[in-house]
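See below for the structure under consideration.
The values are calculated or read from the model by the stated rules, or taken from the named source; none is laboratory data. As the structure is a prediction and not an experimental result, all values here were calculated from the model. Here the Cβ is made from the backbone with ideal geometry for all residues, glycine too, and neighbour counts use every protein chain on show.
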Ligand SMILES: C[S@@+](CC[C@H](N)C(=O)[O-])C[C@H]1O[C@@H](n2cnc3c(N)ncnc32)[C@H](O)[C@@H]1O
């Protein structure tokens, strides 16, 4: 009897019996900003596990027989705890299924994609990552605010305004330097604090700043103001999440470069997101 055990072959057999998880970025909202690879995987998936910020036009690209599992994750309202999402992904893949884990924007930018992949890696579940357009890039483009510009900003920093423990403890001296753009994700509830901290650390109250809500969608709204006036203006206008704050002199360029709603009126067929229901 041959007692030789071919471990690589056994592992390969195990891998083929196991399914796979594709961690896919859905982009910032407009379904036309999805990558071709994301669209193809959505059409072929056995099961799609998706988050709160993925809109109906993107979900419409899921193949007809695929199972759809909503796992939520609105601020302070997680429909499934992160540990349960991790376990779910492992279980679905081990059942031999092709799983698309679909997240808003890019999965590696404030998306906990890294945390989910660490669990898959530890459990020996195969995975791939498909990047998406992160909200900062998509939203700034549709708002007509270039994130860098040789005259105004040589760098751009992305930060989250909402930490795990609910606080907003950022490196204010670094963020309050001129000649850069600061983009704050999840910063709406802490907006007044963010603006006053930036002023307290050296930026003038007249420094340009904007909030863009529902960016890249028909419902997109943009409020441009200054650090001294932004929080009040946003409250007055009633902007709602998801919203992104952009701080820096590039915000002024919107006066010249805003294009989205004008393009929608001129060429609605070429801008389906500008006419679709948000
Ligand atoms: C949990 S983070 C996820 C970020 C995502 N992974 C990405 O790369 O864009 C969610 C935050 O992204 C921002 N965001 C996402 N989509 C947005 C949109 N369409 N308009 C404005 N902000 C958006 C908001 O700040 C929101 O609170």
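Quick notes
- When each of 130, 125 is tested for being in contact (Cβ under 8 Å) with a residue 40 or more places away in the chain and within 14 Å of the chain's Cα centre (by Cα), the lone residue that passes is 130.
- Qualifying residue in the range 227-239 (condition: in contact with a helix residue (DSSP H, G or I) (Cβ under 7 Å, 6 or more places away or on another chain), within 16 Å of the ligand (Cβ to nearest atom), within 25 Å of residue 27 (Cα to Cα) and at pLDDT below 95): no
- Restricting the range 82-118 to residues that are closer than 15 Å to residue 129 by Cβ and assigned to a helix (DSSP H, G or I), the residue that is farthest from the ligand (Cβ to nearest atom) is 93.
- When 70, 50 are screened for being crowded, with 21+ Cβ neighbours inside 10 Å and touching a strand residue (DSSP E or B) at 6+ places or on another chain (Cβ under 7 Å), only 50 passes.
- Qualifying residue in the range 79-98 (condition: surrounded by 16 or more Cβ atoms within 10 Å (Cβ to Cβ) and closer than 23 Å to residue 244 by Cα): no
- Check on residue 49, within 16 Å of the ligand (Cβ to nearest atom), assigned to a loop (DSSP other than H, G, I, E, B) and at negative phi: no
- Taking the range 142-216 and the strands (runs of 3 or more DSSP E) fully enclosed by it, the elements with 1 or more residues that are in contact with a helix residue (DSSP H, G or I) (Cβ under 8 Å, 6 or more places away or on another chain) and surrounded by fewer than 20 Cβ atoms within 10 Å (Cβ to Cβ) are at 155-160.
- Within the range 56-68, being within 14 Å of the ligand (Cβ to nearest atom) and over 11 Å from residue 102 (Cβ atoms) holds for 56, 57.
- Residue 196 vs. criteria out of contact with any strand residue (DSSP E or B) (no Cβ under 9 Å at 6 or more places or on another chain) and touching a residue at least 60 places away in the same chain (Cβ under 8 Å): no
Every residue, every condition in (1) away from the ligand (no atom under 14 Å from the Cβ); (2) in contact with a strand residue (DSSP E or B) (Cβ under 6 Å, 6 or more places away or on another chain); (3) modelled with pLDDT of 95 or more, yes or no:
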{"position": "7", "(1), (2), (3)": "yes, no, no"}
{"position": "22", "(1), (2), (3)": "yes, yes, yes"}
{"position": "33", "(1), (2), (3)": "no, yes, yes"}
{"position": "75", "(1), (2), (3)": "no, no, no"}
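- Counting the residues of the range 119-129 that are in a helix (DSSP H, G or I) and exposed (fewer than 13 other Cβ atoms within 10 Å of the Cβ) gives 2.
- Screening residue 161 with (1) on the phi < 0 side of the Ramachandran plot; (2) at pLDDT 95 or above; (3) in contact with a strand residue (DSSP E or B) (Cβ under 7 Å, 6 or more places away or on another chain) gives one miss only, at (2).
- Scanning the range 145-165 for residues that are away from the ligand (no atom under 14 Å from the Cβ) and more than 18 Å from residue 106 (Cα to Cα) gives 146, 148, 149, 150, 151, 152, 153, 154, 155, 165.
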